[in-house]
Amino acid sequence: LAQSLLALFASSLAISLVFAIIPLCHNVVVLAVVMAVAGLAMGCIDTISNMQLVKIYQKDSAIFLQALHFFVGFGALLSPLIADPFLSDTNCILSNGTANASSNLPHIRKSLLPHHPGNLSRYDLPMKGMVVTRVSYAFWIMALINLPVPIAVFFLLYKERMVPCFNGSSHPLLSADELALETRPGDKDELSTSAQRPHTAAAGHEDLFSCCQSKNFQGASFTYFAVHITGALVLFMTDGIVGEYSGFVYSYAVEEPLAVVHKVAGYLPSLFWGFITLGRLISIPVSYRMKPATMVFINVVGVLITFLLLLIFSSSVVFLFVGTASLGLFLSSTFPSMLAYTEDILQYKGCATTVLVTGAGIGEMVLQLLVGSIIHDRGSYSFLVCGMIFGCLAFTFYALLVFFHRMYPKPSPELDEASPEKAAEPEDTGQYQR
């Protein structure tokens with residue numbers, strides 16, 4: 001836990017530093033390096049926060065994962081609103097030809113679309129002159145907004161006596177037992193029994209990279225690896241859909257046959273992220289009553305049906321907005337629900353979290369590149385066809401995951417008091433309290 005908190009502190013502080021440095025980067029290579037550092041820090045935060053929630057709350061982690069990812073969506077929705085007042089409506093460089101260039105901006109944007117590359121030479125943007133952009137302020141505001149996060153993590157490290165220089169004067173916020181699990185009075189025998197078990201889920205706190213040790217894979221069955229792989233492939237597809245849809249729905253809308261006005265089409269990504277955020281907020285109470293496996297099934301089927309209707313009504317602008325909202329709603333809780341479901345199968349060791357987060361990140365990167373190249377070659381309609389194919393693949397991988405779950409060996413009662421099967425038995429008092 002100390003290693004995780006230190007990594008969160010370093011990563012969150014790095015993000016504030018990166019956002020402060022970005023406006024000062026006047027070389028594209030330096031900017032690329034700085035952005036790579038930001039991506040590395042965000043990947044660490046994503047993985048560690050998900051993994052620790054699973055380890056600490058175990059059976060109840062689904063609720064906390066939904067809350068975590070609600071704030072992810074809320075941040076994605078809020079940050080463009082912060083940047084918007086500082087964006088220029090015209091070209092950012094003033095020169096004698098700026099007025100003419102500004103009037104041609106809609107045509108230039110149109111020429112940048114893949115079907116009209118030849119028109120690009122007709123319009124000239126001034127490349128020298130006085131820079132008038134104020135977008136630097138947006139980055140500095142985001143750096144300040146993020147700064148309380150590393151301060152809060154450092155405060156938690158200090159209160160938990162995990163800072164080497166200040167480990168003698170503070171009082172912990174929670175004792176180790178309270179942090180690890182929520183026990184009810186009368187559970188002393190159960191707690192003492194769990195303390196005697198050498199390789200429980202809590203043992204994963206000994207080392208941040210304990211799940212990567214080869215000894216954990218010795219004697220593992222085929223289904224153990226299959227659950228990891230199929231779970232990661234589901235998120236590869238669903239998070240890939242999130243990335244490619246938010247990235248290309250604007251380009252799809254402004255192309256024929258829809259030909260939506262540019263300003264109106266600009267609302268589509270915001271609508272998509274807005275409903276992702278709303279869906280994650282709704283999923284917090286829903287996950288209290290519904291099993292993660294059921295939620296993932298509803299999400300994947302909903303994505304399939306939405307893409308099918310988008311293909312059928314591909315010439316309707318109204319349904320494009322309705323379908324975008326529907327897609328955001330169904331995709332919203334897929335990641336946290338899949339994480340909770342997979343970790344529930346694998347007894348909350350936290351190792352699956354790393355595999356799933358990595359699979360989701362790779363999918364978000366790869367599918368955007370793939371869809372972008374396909375749209376360039378085949379036209380805008382292939383955008384929806386690709387989404388439909390990815391949705392079918394996600395459903396197929398989910399069906400395989402359920403199949404491997406059925407085959408996965410059930411844990412013995414003395415090694416898993418928190419499993420759903422054990423919790424259903426009347427004689428189990430249960431370690432965890434909602």
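Just so it is clear, none of the values below were taken in a lab; they were calculated from the coordinates. None of the values given here were measured: they were computed from a predicted structure. Ideal geometry is used to build each Cβ from the backbone, glycine not excepted, and the neighbour counts take in all protein chains shown.
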Phe225 and Ile282 label points (each 7 Å along its Cα→Cβ direction) are spaced in nm at 4.0
Val135/Leu369 FRET efficiency (R0 25 Å; Cβ-Cβ; nearest 0.05): 0.45
Between Gln3 and Leu144, how high is the FRET efficiency from 1/(1 + (r/R0)^6) when r is the Cβ-Cβ distance and R₀ = 22 Å? Nearest 0.05. 0.20
At 7 Å along the Cα-to-beta-carbon direction for both Val301 and Asp377, put a label point, then send me their distance in nm to one decimal. 3.5
Within region 69-86, list the residues whose amide N lies under 12 Å from a label point set 7 Å along Cα→Cβ of Leu24. none
Starting at the first residue of region 35-47, write each ³J(HN,Hα) from the Karplus equation 6.51 cos²θ - 1.76 cosθ + 1.60 with θ = phi - 60°, in whole Hz, x for Gly and Pro. 5, 5, 4, 4, x, 4, 5, 5, x, 5, 4, 4, 5
Restricting the calculation to Cα positions, tell me the Rg (one decimal) and the Dmax (whole number) of region 221-410 in Å. 16.8, 56
Full-extension gain in nm, Ser270 to Leu78, via 0.36 nm per residue minus C-alpha separation: 68.2 nm
Listed pairs Lys55/Lys410; Lys291/Lys349; Lys159/Lys410 exceeding 31 Å between Cα atoms: Lys159/Lys410
